[in-house]
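Colleague: The following block contains the structure, expressed as structure tokens.
The values are calculated or read from the model by the stated rules, or taken from the named source; none is laboratory data. Note that this is a predicted model, so its numbers are computed, not measured. Here the Cβ is made from the backbone with ideal geometry for all residues, glycine too, and neighbour counts use every protein chain on show. Remember, those area values only see protein heavy atoms, side chains included, never the ligands or the DNA or RNA. Shrake-Rupley method; radii C 1.70, N 1.55, O 1.52, S 1.80 Å.
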Amino acid sequence: MIPSILPTYSRAPLTFVSGEGSWLTEADGRRFLDLGAGIAVNALGHAHPALVEALTTQANALWHVSNLYNIPAQQKLADALVAQTFADTVFFTNSGTEACELAVKMARKYWYDKGQPERTEIITFTGSFHGRSSAGIAAAGSEKMVKGFGPLLPGFTHLEFGDHDALNAAISDEIAAILVEPVQGEGGIRPLPDVCLKGLRDLCDQHGILLIFDEVQCGMGRTGKLFAHERAGITPDIMMVAKGIGGGFPLGAVLATENAASGMTAGTHGSTYGGNPLACAVGAKVMEIVGDDAFLTEVNRKAGMMRQKLEGLVAAHPDVFEAVRGSGLMLGLKCKATNSDVVAAGFAQGVLTVPAADNVVRLLPALNITDADIALAVEKLDAAASHVKEANA
Ligand SMILES: Cc1ncc(COP(=O)(O)O)c(C=O)c1O
């Protein structure tokens with residue numbers, strides 16, 4: 001008999017009932033150190049007092065009004081995002097997937113309005129992940145995601161990650177945009193080198209192509225910059241954001257330049273819940289905290305410390321791990337053992353990590369994780385690795 005919850009997830013046998021900072025408590029009382037943070041969502045950990053306060057204050061005042069009216073919390077968050085990024089304008093969504101939908105629509109509408117309606121093709125790369133909607137799966141294009149769900153939304157050209165020749169050969173008058181994650185998350189924590197990000201920007205400028213960054217997972221302070229692309233000193237035309245921006249409350253956004261957004265006039269897009277007062281009250285508080293330079297400096301310091309400890313872990317367990325990779329607090333342990341065995345061994349030690357493609361274990365802790373918790377987490381991973389080695393002996 002089918003379970004009452006559609007069985008699309010393989011869930012670990014864990015039921016968390018409360019959380020505080022980087023810790024989660026299981027129904028049976030066990031405590032777990034959370035290095036997954038809801039897959040890069042709980043940017044400030046669990047039950048951050050300032051976010052609880054922002055949410056409850058808004059909840060006591062007003063939960064929802066339609067986008068037919070002005071929403072002050074939405075305006076505040078949009079103004080903060082515009083002030084601190086390349087963007088001139090923002091549309092709020094409830095998720096990264098919805099941000100992908102709008103990014104694709106925005107790029108196509110741009111060319112339609114410029115009198116080039118045939119310019120609809122969007123270049124994407126292998127290993128990418130942009131959500132599970134029809135546009136999202138068509139954009140990623142992997143067999144795992146699209147099999148059985150055809151006919152797919154047309155207009156995506158999939159290129160091998162890192163294949164510069166293929167990229168140059170694919171450029172034509174039909175390319176509307178290039179869509180890329182500056183650091184692939186689901187694909188196994190694969191950062192695009194700064195030189196490649198710069199190269200993409202140059203290529204787009206040369207051919208008038210729109211550059212779309214998907215910073216749903218790597219954005220909002222995760223890499224030690226407010227947005228990952230800042231490291232390369234370039235900016236996109238359109239950017240998708242979600243996950244960390246809501247700190248655990250469903251919220252996403254599409255940020256764009258005035259030029260890229262020029263086709264999106266009244267009536268061309270909308271969302272009942274997108275930019276909801278509760279979500280934006282929390283989002284504005286997250287932005288205030290994460291967008292602060294001193295906070296990001298701390299993220300970089302913690303990231304350096306964590307990376308150093310992880311390098312030691314890899315060196316100590318050459319049978320289990322191959323390398324550390326990633327940027328900031330978006331880290332991956334490329335495994336020699338099976339990544340899901342490492343994740344399961346972590347559960348037994350009371351540490352939560354997340355598997356990714358390419359046999360990687362993802363570490364995406366809260367950005368405000370304490371130094372003591374970083375040290376403890378690596379001790380727990382060390383014990384987990386020893387168990388994996390024993391089990392494989
Ligand atoms: C890079 C990236 N884009 C898009 C998405 C989809 O976001 P959501 O699950 O909020 O719809 C994800 C989710 O993991 C993601 O990592």
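One line per residue, one yes/no per condition, for (1) of a type in the set (Val, Ile, Thr); (2) crowded, with 23+ Cβ neighbours inside 10 Å; (3) not in a helix (DSSP H, G or I):
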site	(1), (2), (3)
Glu258	no, no, yes
Ala261	no, no, yes
Ser271	no, no, yes
Gly274	no, yes, yes
Arg301	no, no, no
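Colleague: The conditions are (1) within 22 Å of Gly199 (Cα to Cα); (2) in contact (Cβ under 8 Å) with a residue 60 or more places away in the chain, and Val90 fails exactly one of them. Which is it?
Modeller: All conditions pass for Val90, except number (1).
Colleague: So, one more: Considering only residues that are more than 10 Å from the ligand (Cβ to nearest atom), small (Gly, Ala, Ser), open to solvent by less than 10 Å² (accessible area, probe 1.4 Å) and closer than 20 Å to Phe149 by Cβ, which ones fall in the range 104-137? Even if it seems obvious, please write down each step before you answer.
Modeller: Step one: of the range 104-137, the residues more than 10 Å from the ligand (Cβ to nearest atom) are 104-127, 134-135, 137.
Narrowing the set further to residues that are small (Gly, Ala, Ser) leaves 107, 115, 127, 134-135.
Next, only the ones that are open to solvent by less than 10 Å² (accessible area, probe 1.4 Å) stay: 107, 135.
Correct list: Ala135 only.
Colleague: Check every one of the helices (runs of 4 or more DSSP H) wholly within the range 1-113 and list those with 2 or more residues that are of a type outside the set (Lys, Arg) and closer than 28 Å to Gly188 by Cα.
Modeller: Counting at least 2 such residues, we get 37-40, 96-113.
Colleague: Which residues, counting only those in the range 227-255, are more than 10 Å from the ligand (Cβ to nearest atom) and in a loop (DSSP other than H, G, I, E, B)?
Modeller: Within the range 227-255, Phe227, Gly233, Ile234, Thr235, Pro236, Asp237, Gly248 qualify.
Colleague: Looking only at the range 178-199, filter to residues that are hydrophobic (A, V, I, L, M, F, W, C) and under 20 Å from the mean Cα position of the chain (by Cα); which one of those is farthest from Arg222 (Cα to Cα)?
Modeller: Per the stated criteria, the residue is Ile178.
Colleague: Something else now. Any residue at all in the range 314-325 that is assigned to a helix (DSSP H, G or I), of a type outside the set (Ser, Thr, Tyr) and open to solvent by 20 Å² or more (accessible area, probe 1.4 Å)?
Modeller: Among the residues of the range 314-325, at least one is assigned to a helix (DSSP H, G or I), of a type outside the set (Ser, Thr, Tyr) and open to solvent by 20 Å² or more (accessible area, probe 1.4 Å), which makes the answer yes.
Colleague: Somewhere in the range 39-62, is a residue surrounded by fewer than 19 Cβ atoms within 10 Å (Cβ to Cβ), touching a Pro at 6+ places or on another chain (Cβ under 7 Å) and in contact (Cβ under 8 Å) with a residue 60 or more places away in the chain?
Modeller: Yes: one or more hits.
Colleague: Which members of the range 82-96 meet the condition of being within 16 Å of the ligand (Cβ to nearest atom), open to solvent by 40 Å² or more (accessible area, probe 1.4 Å) and farther than 18 Å from Ile71 by Cβ?
Modeller: Within the range 82-96, no residue meets the criteria.
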